[in-house]
Amino acid sequence: MFKTLFVAVLFFLLSVIVCARAFAQANHALTNEGLKGQELTAVAVSAINENIVFAGTKEGLYVRDLSLPGYFRPVPGLPPEKTAVRQIVHGPRQVYAATEKGLFAGSADSRSFGNVWTRAQESERDVKSAAVLEDGTIFAATKSGLFYKPPQEGAWSKAALDFEAEEIVSLYAAAGIIYAAVSSGVYRSIDSAKSWEKIFNVYEHNEVQEDEDREGESAAVSYITGLPQEPSLLYVGVSSGIFTTNDNGGAWEKLPSGGLEPANLKTILINPSDKGVFAAAKAGVFKLEGKEWKHLVMTHDCQAIAPRKNGLIVITANDIFEYPSAAKQQDLTGDDSLARFNHEPSIEETQQMAIAYGNVSDRKIKDWQRRASVRAFMPQLTLDYDKTVTTALGASYDRVQVGPRDWGLSLKWELADLIFNGDQTSIDTRSRLLVQLRNDILAEVTRLYFERRKLQLELASSKTAVPAREEMDKKLRLMELTALLDRLTGTAFSKVLKSNK
Amino acid sequence: MIVDDEADVREYLKRYFKRRKIEVITAESGEEALRIMDTQQPDLLLLDVRMGGITGVDTLKKIRERGNQVRVIMVTGVADEELLRPLKNLDILACIHKPLILEELEKEVLQRCSQP
């Protein structure tokens, strides 16, 4: 008995361990729990653990481990008061958060953060952008200039810049080179900020603002990034478009702009596996495909993106989500994508509703034919009450005799109708018109039904926090299509939708 | 305006054209058509030839006698030369035969309505 009990307990413990491990490895859905009410500004995924996601807001830095249930929690180590996070960047060993109160660094598994740079003066304390070289040299761009700290030195130094009058808007570091983007162009230093060379100049490209409100003004650089594995490959975001070079700034090429609004560009991301180019702009996330930018995710306030597994983490001002989500990826493949609409009337059911409401079913034709057949057997009945008039025509005289009033009944059959009914021609004409009208109604029902279904699938495949104008237009069009189907079915379509929910 | 003594024909034609945003008025006889035309002027008249009461041809004669030059398309189910001969002098746009093909009728109507 004890042996049995021992085996049972052992089995139970093993089950618990296996379940716990499975639970730990489960990927919990990314939501904005823990961030509600805050305005998101930055996002990054840990370089050593893809389940750890950092989110920066106007109030602080938060972290979530997607392998565990839960929500975003504040990262310990930042100031307790509201601290706006500007950017989150990766270093070789740590994660850095550029904030309005300085630069903070922490372990890539988010255990704690500590202040690595701060100043009493606000213009020096507010770090707009940060970058870290492979050797650990940290760069912090502030309103007052660029500061840097090599790993072996304890103190920060201010970089001597020829372009100090211009505020650095974006930093990028790779292969021992630090790049600083200012409004008018991009500078590069190969000696850890001791000297600088301008490698991109908006004026040389005669770029002007695409924004109508700033028509005539020169375009402005807003972002620089590259591919660490290919140091010569760089991308510069300008308010008039995105430029790229594959010779470290020797020659620049402007990427096609079709479909993208570069004036509101926030981030550029290069996929290391296929060098795919993603752009996060206010209207959402775009991917360059050929000569056009495909609008992957529609939002109206996208702030930043970060790569994770085979997709992206996207943040808007109020939400954070994955694109594409694991659930949505499955939804969009094969028949699973249509299974979600099983509760709605099928096309066949909708067509039947329209036929019934329009009174254009085949039953009507059969009814006409049946009545015409019955009528052939029915006599024509005449009933009268009148005087009887009799006439007699003789050889020599004619006699007319008028009798008293009396009832008269006559029955008359058209026997020819049994062979061919005169009504048949009329039935043929009406039948043809009915069939044509029915086909016309069904064609419209089918077109509306599938246009509505396509729209439903489009809306389901994009994720938004607050609907963009385009998404709102689609939702309105969806309502319009539902109403049009109701018109053709006498509201039966919506009634079935409601009753099946 | 559709003039036909068969209710189903009037109804189906009316519904078909209404779905194409073409306003339609109907009359079940020549007499009713004449009464309606005292107060309304349709852009085009689809007039059935064979009807109870006065025929479509006689209806059209009366319309023309009143000086009304409304555009008319006659609709007939039979090729009766005797019945149709007077139409030559009554300024009609076309004479179409049943069974009606709605798509073709629609093209005819739209084409005629768009002409000055």
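Rule-based calculations on the coordinates, nothing more; no lab input. Remember, it's a predicted structure, so these values are computed and weren't measured experimentally. Note that we place each Cβ from the backbone using ideal geometry, even for glycine, and neighbour counts take in every protein chain shown.
Computed 3J(HN,Hα) for region B:89-98, one whole-Hz value per residue from the Karplus formula 6.51 cos²θ - 1.76 cosθ + 1.60 where θ = phi - 60°, is 9, 10, 6, 9, 7, 6, 10, 10, 9, 6, glycine and proline marked x. Rounded to the nearest whole Hz, the Karplus-based 3J(HN,Hα) values (6.51 cos²θ - 1.76 cosθ + 1.60, θ = phi - 60°) of region B:28-38 follow the sequence 8, 7, x, 4, 5, 4, 5, 5, 5, 6, 5, with x at glycine and proline.
For region A:135-180 and region A:279-313, what is the separation of their Cα centres, given in Å? Taking the Cα centre of region A:279-313 as reference, the centre of region A:135-180 is 29 Å away. Taking 7 Å steps out from each Cα toward its Cβ at residue A:198 and residue A:47 produces label points 3.2 nm apart. For region A:358-369, backbone phi angles converted through the Karplus equation (6.51, -1.76, 1.60; θ = phi - 60°) give residue-by-residue couplings of x, 6, 10, 7, 5, 4, 5, 5, 5, 5, 4, 5 Hz, Gly and Pro being listed as x. Taking a ≥ b ≥ c as the square roots of the eigenvalues of the alpha carbon gyration tensor, region A:343-410 is prolate, as a/c is not under 1.5 and a/b beats b/c. Database remark: amide H of residue B:2 closer than 5 angstrom to the amide H of B:25, B:26, B:27, B:46 (H placed geometrically; neighbours at sequence offset of 5 or more, or on other chains; Pro and chain starts carry no H). Since only A:346, A:35, A:9 are under comparison, the one whose Cα sits farthest along the positive direction of the charge dipole of the protein assembly as shown, derived from C-beta charges on Lys, Arg, Asp and Glu, is A:9. Candidate cross-link partners of residue A:291 among the lysines, defined by an alpha-carbon separation under 21 Å and a same-chain spacing of 8 or more, comprise A:254, A:266, A:275, A:282. Under 5 Å between amide hydrogens, built in the peptide plane, is the criterion, and for residue A:318 it picks out A:40 among residues at least 5 positions away or on other chains.
Peptide A:430-438 is shielded by partner chain Cβ atoms: per residue, an average of 6 of them sit within 10 Å of its Cβ.
With each label modelled as a point 7 angstrom along the Cα→C-beta vector, the residue A:230-residue A:112 pair spans 4.2 nm. Rounded, prolate or oblate: which fits chain B, taking a ≥ b ≥ c as square roots of the Cα gyration tensor eigenvalues, rounded meaning a/c under 1.5, else prolate when a/b beats b/c? The shape class here is rounded. Its Cα centre serving as origin, the protein assembly as shown has a Cβ charge dipole (Lys and Arg +1, Asp and Glu -1) of approximately 1660 debye. Working from Cα pairs under 8 Å separated by at least six residues, relative contact order for chain A is 8 percent.
Helix A:469-489 axis versus longest C-alpha principal axis of chain A: approximately 10°, rounded to the nearest ten. Taking packing as the residue-averaged number of other Cβ atoms within 10 angstrom, the listed peptides A:162-175, A:130-143 run from highest to lowest as A:130-143, A:162-175. The value of relative contact order for region A:134-195, using C-alpha pairs under 8 Å at least six residues apart, is 25 percent. A simple packing score, the average count of other Cβ atoms within 10 Å per residue, orders the peptides A:195-205, A:470-480, A:259-269, A:223-233 as A:259-269, A:223-233, A:195-205, A:470-480, with the highest score first. Spacing of the modelled spin labels on residue A:191 and residue A:67, each 7 Å from Cα toward Cβ, amounts to 4.6 nm.
Applying D = kT/(6 pi eta Rh) to the protein assembly as shown, where Rh is the Kirkwood radius over alpha-carbon pairs, T corresponds to 20 °C and eta to 1.002 mPa s, the Stokes-Einstein value obtained is 66 µm²/s. Net charge in the neighbourhood of residue A:407 (other residues with Cβ under 12 Å of its Cβ; Lys, Arg +1, Asp, Glu -1) is -1. Whole Å is fine, so just give me how far the alpha carbon centre of region A:476-498 lies from that of region B:48-100. A separation of 42 Å, based on Cα centres. Give me the percent of DSSP beta bridges within the protein assembly as shown that run antiparallel, rounded to the nearest 5. Approximately 90 percent, going by the DSSP bridge assignments. Qualifying chymotrypsin sites (Phe, Trp or Tyr not before Pro) in region A:340-408, where qualification requires a DSSP coil assignment and no more than 10 other C-beta atoms within 10 Å, comprise A:397.
Near the amide H of residue A:43, within less than 5 Å, lie the amide hydrogens of A:56, A:88, all on another chain or at least 5 residues away, with H placed in the peptide plane. When the Cα positions of A:116, A:83, A:145 are compared along the charge dipole of region A:50-173, A:83 comes out farthest toward the positive end, with charges on each C-beta of Lys, Arg, Asp and Glu. Charge tally around residue A:126: other residues with Cβ under 14 Å, Lys/Arg +1 each, Asp/Glu -1 each, net +4. Give, as a single signed number, the net charge of other residues whose beta carbon lies under 12 Å from the beta carbon of residue A:163, with Lys and Arg counted +1 and Asp and Glu -1. Surrounding charge for residue A:163 is -3. Can you give the angle from 0 to 90° between the axis of helix A:423-461 and the longest principal axis of chain A, with both taken from C-alpha atoms, to the nearest 10? For helix A:423-461, the angle is close to 10 degrees. Averaged over peptide A:139-147, the number of partner chain Cβ atoms lying within 10 Å of each residue's Cβ comes to 0. Mean per-residue shielding of peptide B:94-102 is 3, counting Cβ atoms of other chains within 10 Å of each Cβ.
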